[in-house]
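The values are calculated or read from the model by the stated rules, or taken from the named source; none is laboratory data. All values reported here derive from a predicted model rather than from experimental measurement. No Cβ is skipped: glycine too gets one built from the backbone with ideal geometry, and neighbour counts run over all protein chains shown.
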Amino acid sequence: MAHVNLNQYLHQIENAWIGKDGDMCSAMLSCRNIHITNTKLQLEKPESSVGRILEPPLDEIVAAHLRCLWAMANKDPVEACRCQMILVTAFIKILQQQKDENWCLPVMYTVCLDVRLHAIRADKILSTKEHKNKKETLEKAAECLMSCFRICAADNRSSEEFTKRWGMLMLVNQMFKVYFRINKLHLCKPLIRAIEAFPMKHMFSLSQLVTYRYYVGRKAMFDCDYKSVLYFIYLVADTYLTFAFEKCHKTCLKNKRMILMYLVPVKMMRGYMPSKRVLEKYDLMQFWEVVEAVKQGNLQAFNATMEKHETFFVSYGLFLILERLKVNTYRSLFKTVCQMMKTHQIPIQVLLQALQVMGVSDIDLDETQCIVANLIYEGKIKGYISHQHQKLVVSKQNAFPILSSV
């Protein structure tokens with residue numbers, strides 16, 4: 001296909017379309033196929049040539065694709081994206097007309113993936129110019145994806161074999177990628193509801209399920225800040241991210257690393273600390289210093305580590321989540337103090353001194369009591385504060401429960 005002329009290309013795609021060969025049509029309309037290097041197909045004004053051979057509305061799709069190839073060859077991602085959006089809009093009209101058939105789903109997968117990739121490149125160019133909305137193109141691409149999704153989701157009268165609903169998950173995953181990029185996570189919620197309500201959701205391809213669970217797990221991490229539901233939120237994130245990590249193919253180390261990037265903090269929040277071997281294998285040693293500081297109750301080391309790797313943690317949206325581990329660091333420190341004193345009645349003053357030794361200088365007795373009270377409220381310490389005697393009275397049995405059980 002890299003050396004065919006225009007007429008040969010048009011006849012090939014016409015035969016594939018008439019024969020309802022979704023895979024062949026998908027390849028011939030892909031912006032990642034070998035034919036994009038064919039200069040005979042890179043046309044600035046292909047409409048008349050295409051219209052002589054192909055019938056509407058296929059001619060509009062192919063003409064937009066050929067002009068997109070021309071724009072790509074001329075290194076104009078903004079024009080390439082505009083052409084791809086025209087292509088997707090024309091394809092949506094065809095998708096709406098098709099009843100009781102889903103042979104064109106591979107085509108939908110390809111053109112929708114391409115429109116997202118083109119939008120990312122276009123936004124990079126536009127962001128270097130004086131452009132008010134630096135994510136405008138991606139937002140428009142998301143609208144195209146949503147239009148396809150609505151058609152697929154509404155096809156509930158076709159048989160299981162021919163329903164377009166099999167295309168829902170791929171579109172949801174593409175929209176997840178857009179919404180995470182433009183920071184509009186609230187738009188993910190109705191998509192998640194639609195997939196969870198689909199009775200055959202377990203029959204989607206494993207690769208798509210891994211991607212879906214990865215993003216749902218990530219979203220769960222940022223869903224709520226209320227302490228009363230944090231445990232449930234982290235449990236959901238843990239469940240989804242663990243599935244994604246375990247089912248992701250062992251050769252896809254880059255993907256497994258990305259999953260682990262979010263699974264590790266969730267596990268740590270639930271009291272499960274990763275081993276050094278795993279972090280070394282996936283090049284995530286930035287977490288190891290945090291792990292050691294939390295285990296030892298070393299607030300100085302914790303703060304120093306967070307500052308040292310701040311850029312890394314912020315770039316992945318993990319800094320504020322990891323900051324919550326400071327509470328567990330307090331717990332480890334107070335547990336050490338309790339073990340050293342060998343008593344179940346610990347003066348608050350001693351805990352304050354321990355915090356000061358760990359470099360927390362701007363703190364007084366009242367603030368120390370607040371830290372202890374929060375730990376008791378969260379169930380991380382079993383006991384109570386005796387205000388009359390200014391002491392923490394801990395339970396004689398299991399005063400510091402295992403965090404994974406809290």
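Laid out as a table, the results:
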| item | result |
| --- | --- |
| Residue that is modelled with the lowest pLDDT [pool: residues in segment 210-264 that are assigned to a helix (DSSP H, G or I) and of a type in the set (Asp, Glu)] | Asp238 |
| Meets criteria (buried (at least 18 other Cβ atoms within 10 Å of the Cβ) and at pLDDT below 95) for Leu10 | no |
| Residue pairs meeting the criteria (Cβ under 7 Å; at least 6 apart or on separate chains; first under 16 Å from Arg213 (Cα atoms), in segment 244-256; second surrounded by fewer than 17 Cβ atoms within 10 Å (Cβ to Cβ)) | Lys247/Leu206 |
| Out of Gln369, Gln345, Gln353, sole residue that is out of contact with any strand residue (DSSP E or B) (no Cβ under 8 Å at 6 or more places or on another chain) and either surrounded by 14 or more Cβ atoms within 10 Å (Cβ to Cβ) or modelled with pLDDT of 90 or more (or both) | Gln353 |
| Elements of type helices (runs of 4 or more DSSP H) contained in segment 1-95, each with 2 or more residues being among the β-branched types (Val, Ile, Thr) | 6-18, 58-73 |
| Residue tally, condition over 17 Å from Asn102 (Cα atoms) and either surrounded by fewer than 17 Cβ atoms within 10 Å (Cβ to Cβ) or among the β-branched types (Val, Ile, Thr) (or both), over segment 15-36 | 5 |
| Residues of segment 130-150 classified as under 21 Å from Ile94 (Cβ atoms) and surrounded by 20 or more Cβ atoms within 10 Å (Cβ to Cβ), total | 6 |
| Qualifying residue in segment 311-319 (condition: surrounded by fewer than 15 Cβ atoms within 10 Å (Cβ to Cβ), farther than 25 Å from Met273 by Cα and at pLDDT 90 or above) | no |
| Number of the exception - Leu169 against (1) outside the structural domain of Lys134 (by TED's automatic domain parsing); (2) under 23 Å from Val111 (Cβ atoms) | (1) |
| Test for Glu307: is it of a type in the set (Asp, Glu), at pLDDT 90 or above, part of a helix (DSSP H, G or I) and closer than 30 Å to Leu260 by Cβ | yes |
| Out of Tyr282, Tyr240, Tyr234, Tyr272, sole residue that is hydroxyl-bearing (Ser, Thr, Tyr) and in contact (Cβ under 8 Å) with a residue 40 or more places away in the chain | Tyr272 |
| Yes/no for Asn74 being more than 38 Å from the chain's Cα centre (by Cα), of a type outside the set (Phe, Trp, Tyr) and at pLDDT 95 or above | no |
| Failed item, numbered, when Ser158 is tested on (1) under 26 Å from Asn74 (Cβ atoms); (2) touching an Asp or Glu at 6+ places or on another chain (Cβ under 7 Å); (3) not basic (Lys, Arg) | (1) |
| Members of segment 159-190 that are within 18 Å of the chain's Cα centre (by Cα) and not in a helix (DSSP H, G or I) | Ile182, Asn183, Lys184 |
| Among residues of segment 125-158, those that are assigned to a loop (DSSP other than H, G, I, E, B) and at pLDDT 90 or above, counted | 1 |
| Pair list, Cβ under 8 Å, 6 or more apart: segment 35-49 residue not assigned by TED's automatic domain parsing to the domain that holds Asp76, other residue not in a loop (DSSP other than H, G, I, E, B) | none |
| Scan of segment 372-397 for residues that are surrounded by 12 or more Cβ atoms within 10 Å (Cβ to Cβ) and either among the polar types (S, T, N, Q) or touching a His at 6+ places or on another chain (Cβ under 6 Å) (or both), ordered by number | Asn374, Ser386, Gln390, Val394, Ser395 |
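Residue by residue, here is whether (1) of a type in the set (Ser, Thr, Tyr); (2) touching a helix residue (DSSP H, G or I) at 6+ places or on another chain (Cβ under 6 Å); (3) surrounded by fewer than 22 Cβ atoms within 10 Å (Cβ to Cβ) holds:
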position: Val50; (1), (2), (3): no, yes, no
position: Pro56; (1), (2), (3): no, no, yes
position: Ala73; (1), (2), (3): no, no, yes
position: Arg82; (1), (2), (3): no, no, yes
position: Ile86; (1), (2), (3): no, yes, yes
position: Phe91; (1), (2), (3): no, yes, no
position: Val107; (1), (2), (3): no, yes, no
position: Asp114; (1), (2), (3): no, yes, no
position: Leu117; (1), (2), (3): no, no, yes
